[in-house]
1. Could you check region 182-195 and list, in sequence order, the residues that are of a type outside the set (G, A, S) and in a loop (DSSP other than H, G, I, E, B)?
2. Any chance region 169-181 includes a residue that's under 23 Å from the mean Cα position of the chain (by Cα), within 19 Å of L41 (Cβ to Cβ) and assigned to a helix (DSSP H, G or I)?
3. Could you check Q142 against (1) part of a helix (DSSP H, G or I); (2) surrounded by fewer than 17 Cβ atoms within 10 Å (Cβ to Cβ) and say which number it fails?
4. Scan region 86-114 and report the pairs whose first residue is farther than 20 Å from V74 by Cβ and whose second residue is of a type in the set (G, A, S) and not in a helix (DSSP H, G or I), with Cβ atoms within less than 6 Å and a gap of 6+ or a chain change.
5. Kindly provide the set of residues from region 178-231 that are touching a Phe, Trp or Tyr at 6+ places or on another chain (Cβ under 7 Å) and modelled with pLDDT of 90 or more, ordered by number.
6. Based on what the data block shows, is D52 of a type in the set (D, E) and under 30 Å from E178 (Cα atoms)?
7. Condition first: at pLDDT 85 or above and surrounded by 17 or more Cβ atoms within 10 Å (Cβ to Cβ). Now tell me which residues in region 113-128 satisfy that.
8. Taking region 82-100, which residues are surrounded by fewer than 12 Cβ atoms within 10 Å (Cβ to Cβ) and aliphatic (A, V, I, L, M)?
Amino acid sequence: MTAIAIVEDDALLREELVGLYREEGYTVHEAGHYSGLQDVLRLHTVTLIVLDLNLPGRSGYEIARSLREAHPGVGILMLTARAELQDRVQGFDVGADLYLTKPAEPSELLAATASLTRRLATEHDATTLHLDTRQQRLVNTQNQLRVTLTAVEAFLLRALALSEAQTADTGDLLDLIEVQFPQRSASQRSLENIISRLRQKTQSLIGSDAQMLVAVRGVGYRLAVPLEIKD
């Protein structure tokens with residue numbers, strides 16, 4: 001399912017938008033301001049952000065500009081009451097992919113979202129990572145960029161790739177590491193350190209807007225990028 005974030009300070013409108021998108025099968029995260037959006041992006045990988053302009057604190061224009069710098073691959077759909085030409089021009093200047101004015105017809109909003117989602121999917125589909133477990137190497141098959149992994153990093157990626165839905169429980173991962181690397185201290189902190197290093201290493205392969213590994217609250221971790229394995 002496509003994951004989107006809705007940033008809207010009007011609680012009633014935000015609730016309506018969440019319901020509309022969820023009925024269409026989207027995974028929806030919500031925020032009423034910039035700091036809330038930051039929390040969402042720390043925990044989840046989203047494809048598209050539906051962004052209001054009149055927000056408390058940082059405006060939608062400022063947020064869009066920051067998103068374009070930190071997450072260049074994310075889609076931005078501005079949904080706002082500002083209908084003047086200069087507002088639309090400024091919206092596109094700071095990075096909006098689409099600009100719709102309120103009140104937007106639900107059918108138009110959903111069609112615009114689906115169109116942008118398809119375009120983004122086409123842009124990202126070619127990116128597949130190839131894990132060579134013997135060489136302990138991870139390669140982007142599109143641009144041939146590569147990074148060298150440690151033995152435990154390669155083992156962890158392989159374990160996640162072979163798990164159901166590419167998701168594994170934290171306890172299971174710790175057990176696997178303890179069996180495979182008995183000399184290591186298999187703890188929650190050590191696992192978090194491995195995950196952090198993998199995220200840093202893989203940014204050069206998939207871009208800063210994407211995450212290789214996503215934390216699944218109450219479960220463990222999920223592999224968020226297609227991964228081919230060569231043993």
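The values are calculated or read from the model by the stated rules, or taken from the named source; none is laboratory data. Since this is a predicted model, take the numbers as computed values, not measurements. Cβ sites come from the backbone with ideal geometry, for glycine too, and all protein chains shown count toward neighbours.
1. From region 182-195, those of a type outside the set (G, A, S) are 182-184, 188-189, 191-195; that's our starting set.
Across region 182-195, the qualifying residues are P182, Q183, R184.
2. No, that holds for no residue.
3. (1)
4. Final answer for the pair search is T101/A83; K102/A81.
5. Scanning region 178-231 gives Q180, I195.
6. no
7. Result: T113, L116, T117.
8. A83, L85, V89
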